[in-house]
1. Looking at (1) within 6 Å of RNA strand B (Cβ to nearest atom); (2) among the aliphatic types (A, V, I, L, M); (3) at pLDDT 90 or above, which is the only condition residue A:439 fails?
2. Being in contact with a Phe, Trp or Tyr (Cβ under 6 Å, 6 or more places away or on another chain) and assigned to a loop (DSSP other than H, G, I, E, B) narrows it down to one of A:449, A:396, so name that one.
3. Looking at the range A:370-406, which of the residues that are among the charged types (D, E, K, R) and within 16 Å of RNA strand B (Cβ to nearest atom) is least open to solvent (accessible area, probe 1.4 Å)?
4. Just one of (1) more than 16 Å from RNA strand B (Cβ to nearest atom); (2) in contact (Cβ under 8 Å) with a residue 24 or more places away in the chain trips up residue A:105, so point out which.
5. Report, by residue number, each residue of the range A:48-72 that is within 19 Å of residue A:103 (Cβ to Cβ), surrounded by fewer than 16 Cβ atoms within 10 Å (Cβ to Cβ) and not hydrophobic (A, V, I, L, M, F, W, C).
6. I'm checking my understanding of the structure. Among residues of the range A:341-356 that are open to solvent by 20 Å² or more (accessible area, probe 1.4 Å) and in contact (Cβ under 8 Å) with a residue 40 or more places away in the chain, which one is farthest from the chain's Cα centre (by Cα)?
7. Just give me the residues in the range A:527-536 being aliphatic (A, V, I, L, M) and either in contact with a Phe, Trp or Tyr (Cβ under 8 Å, 6 or more places away or on another chain) or closer than 14 Å to residue A:118 by Cβ (or both), in sequence order.
8. Against the condition farther than 30 Å from residue A:591 by Cα and open to solvent by 50 Å² or more (accessible area, probe 1.4 Å), how does residue A:35 come out, does it pass?
Amino acid sequence: MKGTAIRCKARQTEVVGCMLKRYAAERLSSVIPDLSVEAIEAALEVPPNPAFGDWAFPAFPLAKTRRKAPPIIAREIAEALAAGVSGLRAEAVGGFVNLRLDRAAILPDLLRALSAPEHKAPKVGAGERVIIDMSSPNIAKPFGVGHLRSTVIGRALANLYARLGYTPVRVNHIGDWGTQFGKQIAAYKRWGEAIDRDGGAEAGKDRIRFYLSLYVRFHEEAERDPSLEAEGRRWFQKLEAGDPEARRLWQMFVEDSLREFERMYRRLGVEFDRVIGESFYNDRMPAVIDELREKGLLEESEGAMVVRLDDEGLPPCLILKSDGTTLYATRDLATAIYRHDEMGGDWLVYVVGQEQTLHFKQVFSVLKKMGRTWADRCVHVPFGLLRFAGKKLSTRKGHVIFLEDVIDEAVAKAREIIEEKNPALENKDEVAEAVGIGAIVFGDLKNGRLGDVNFSLEEALNFDGETGPYVQYTHARARTVLARAAEDADPAALAAAKARLESGGPLPPSATAALITDAAWAVLGVLDRYPAELRAALERYEPSVVARYALELAKAFNRFYHAERILVPDVDERAAKLVLVERAADVLQDALGLLGIAAPERI
RNA sequence: GUGCCCGUAGCUCAGUCGGACAGAGCGUCUGACUACGAAUCAGAAGGUCGGGGGUUCGAAUCCCUCCGGGCACGCCA
């Protein structure tokens with residue numbers, strides 16, 4: 001099995017949902033009695049060349065049972081189809097049966113299916129609550145480009161869950177606790193306090209830079225002066241003990257940071273159902289430790305307390321340090337139990353970098369040993385590391401790229417392009433924001449989660465080709481056509497013609513002719529796959545499936561747009577083409593929406 | 001050392017529960033704005049799918065092995 005995500009077996013169902021494919025499979029099954037419709041549907045594939053037809057059925061697997069050569073079987077199937085089955089044409093080529101659907105015959109059903117509500121919302125779940133751990137930045141640290149991944153992947157997954165019938169709960173698990181806060185306080189006391197007293201207290205983004213510079217300086221000086229580390233530890237002990245000054249400074253870091261994060265989230269359009277700091281779980285950890293001890297899972301090892309996981313083939317999970325204090329695994333156990341027991345989570349999903357894969361395996365295994373049967377409904381959705389100029393970004397060394405800087409550049413570039421190409425646009429700032437951010441978010445989501453990303457500003461600012469702006473442009477272009485059509489004379493006749501098209505009844509000849517051209521049919525074929533793509537995206541926890549799909553649809557639409565004139569005089573033909581344009585625009589907007597990207601009417 | 005992830009065109013990446021000559025975008029070159037938006041479209045050039053074995057009628061896809069890059073492997077999160 002590929003990937004480290006533990007997949008939900010209940011959702012490992014066949015990926016179907018295209019009515020065209022099912023149609024072909026059903027026709028085929030009448031002449032292939034030894035296979036079920038489902039098996040045939042699963043076997044059908046898209047031929048490498050459109051000239052070969054719409055679908056291809058490989059006859060090779062039947063060769064064993066039928067004890068005949070594949071080309072002979074293929075020919076028999078093709079002949080049987082020609083003799084007694086309507087709705088498609090078949091041709092045997094080698095071991096394949098190439099199928100060409102009778103486009104005109106299926107068109108009414110297809111149009112009806114495309115306008116049905118289930119097309120954009122195929123039901124999979126039954127309202128189960130899915131707690132999604134996403135974004136989860138650290139206090140007193142900048143919101144860097146690295147946090148973008150967890151944030152936008154998590155948001156897209158939450159949208160997909162909601163769409164497919166689950167109840168997602170988006171949780172921002174803020175890193176507000178740990179020994180680094182002792183260091184942060186120590187650094188602030190040593191150098192920062194004086195600066196603030198002199199009135200150097202910056203606000204906003206610079207405040208975070210200020211904290212970061214103190215943190216970096218701390219690590220630099222700690223290399224020469226090891227006593228700093230001890231000082232940091234002492235401050236953390238004071239913080240844990242509730243020392244007023246330590247609490248006050250910690251509170252200041254938290255508030256300043258959350259304000260900054262909130263601004264980023266607003267720009268990205270990300271919302272959370274719960275924002276809970278790690279410190280929230282401080283008083284919940286003793287109960288976990290007690291339970292582990294009662295169940296006899298805790299063992300002493302090298303002075304620390306661990307849970308052995310040899311039977312799972314995993315290294316031991318460290319629960320208590322030799323000084324008796326807790327570790328992040330302890331906290332994550334308490335967090336998971338809270339999310340299940342008190343937040344009512346049926347599934348716990350963690351959108352966290354792949355460097356923590358082992359950690360989550362251990363935590364889930366410990367939960368299982370504790371008798372929590374829901375442990376196998378805990379899923380780690382890992383993603384690759386983001387690096388810059390081939391280097392890993394390091395907070396300690398101050399190697400960070402502020403997401404806001406990147407966003408600002410992208411928005412400025414979008415603004416320039418708008419001035420150049422569409423100076424008459426009304427809400428330029430709003431659109432520039434949507435396009436600039438859309439470029440960044442799409443640029444992240446179009447690639448598979450697992451690969452490491454080598455961040456390139458140049459690439460993030462490229463709006464040509466397979467990009468967010470390309471999809472947004474295509475959508476806006478489609479909307480413009482629709483708006484122009486609405487201005488046309490005789491809207492009543494147009495509306496009547498469109499209603500007829502979506503009723504599932506017989507179509508006027510000029511409407512049928514307009515939609516069965518290669519260019520139009522290609523668009524309809526891509527539209528038909530949308531529900532299946534949504535299911536596949538969630539099943540694989542892979543928003544890039546949706547992004548790739550949006551690109552494919554945009555590409556097919558643009559081809560159609562160039563090949564055909566849409567606003568033609570014939571009412572039926574115009575209505576037919578407009579239905580296609582409207583469906584394409586709706587699905588593009590919908591797919592962008594799932595990815596968390598705005599789809600302005602004009603750009 | 002052990003485990004996991006990655007290795008496909010100059011660059012960035014799809015395709016990986018096996019299927020027909022390996023697909024996009026960027027970049028390069030050539031065309032298309034007096035039609036609904038040229039942030040577009042059409043076309044060209046460009047690849048030992050990291051190497052080698054194996055399974056199979058058929059392998060980028062599955063198995064083994066090696067090479068290269070990354071991450072993780074006890075008191076950070």
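1. (1)
2. On the way: A:396 fails: in contact with a Phe, Trp or Tyr (Cβ under 6 Å, 6 or more places away or on another chain).
Step by step, each of A:449, A:396 is checked, and only A:449 is in contact with a Phe, Trp or Tyr (Cβ under 6 Å, 6 or more places away or on another chain) and assigned to a loop (DSSP other than H, G, I, E, B).
3. Taking the range A:370-406 and keeping what is among the charged types (D, E, K, R), we get A:372, A:376-377, A:387, A:391-392, A:396-397, A:404-405.
In the following step, the residues that additionally are within 16 Å of RNA strand B (Cβ to nearest atom) were identified as A:387, A:391-392, A:396-397.
Details: A:387: 61, A:391: 119, A:392: 130, A:396: 128, A:397: 143 Å².
Filtering first and then ranking leaves A:387.
4. Checking residue A:105 against (1) more than 16 Å from RNA strand B (Cβ to nearest atom); (2) in contact (Cβ under 8 Å) with a residue 24 or more places away in the chain, the one that fails is (2).
5. Here is the first cut: in the range A:48-72, the residues within 19 Å of residue A:103 (Cβ to Cβ) are A:49-57.
Next, from what is left, pick out any that are surrounded by fewer than 16 Cβ atoms within 10 Å (Cβ to Cβ): A:49-51.
A:49, A:50 - these are the residues of the range A:48-72 that are within 19 Å of residue A:103 (Cβ to Cβ), surrounded by fewer than 16 Cβ atoms within 10 Å (Cβ to Cβ) and not hydrophobic (A, V, I, L, M, F, W, C).
6. So the first thing to find is which residues in the range A:341-356 are open to solvent by 20 Å² or more (accessible area, probe 1.4 Å), and the list is A:341-342, A:344, A:346-347, A:352, A:354-356.
Subsequent filtering for residues that are in contact (Cβ under 8 Å) with a residue 40 or more places away in the chain retains A:344, A:346-347, A:352, A:354.
Numbers: A:344: 23, A:346: 20, A:347: 17, A:352: 13, A:354: 16 Å.
So, considering only residues that are open to solvent by 20 Å² or more (accessible area, probe 1.4 Å) and in contact (Cβ under 8 Å) with a residue 40 or more places away in the chain, the one farthest from the chain's Cα centre (by Cα) is A:344.
7. In the first step, residues of the range A:527-536 are kept if they are aliphatic (A, V, I, L, M); the result is A:527, A:532, A:534, A:536.
Selection gives A:527, A:532, A:534.
8. Details: farther than 30 Å from residue A:591 by Cα: yes; open to solvent by 50 Å² or more (accessible area, probe 1.4 Å): yes.
Spelling it out, residue A:35 is indeed farther than 30 Å from residue A:591 by Cα and open to solvent by 50 Å² or more (accessible area, probe 1.4 Å).
The values are calculated or read from the model by the stated rules, or taken from the named source; none is laboratory data. Not measured: the values here are computed from a predicted model. Counting neighbours? That spans all protein chains shown, and the Cβs are built from the backbone with ideal geometry, glycine included. The protein model used for the area step is the full one, side chains on, heavy atoms only, and it has no ligands, DNA or RNA in it. Shrake-Rupley method; radii C 1.70, N 1.55, O 1.52, S 1.80 Å.
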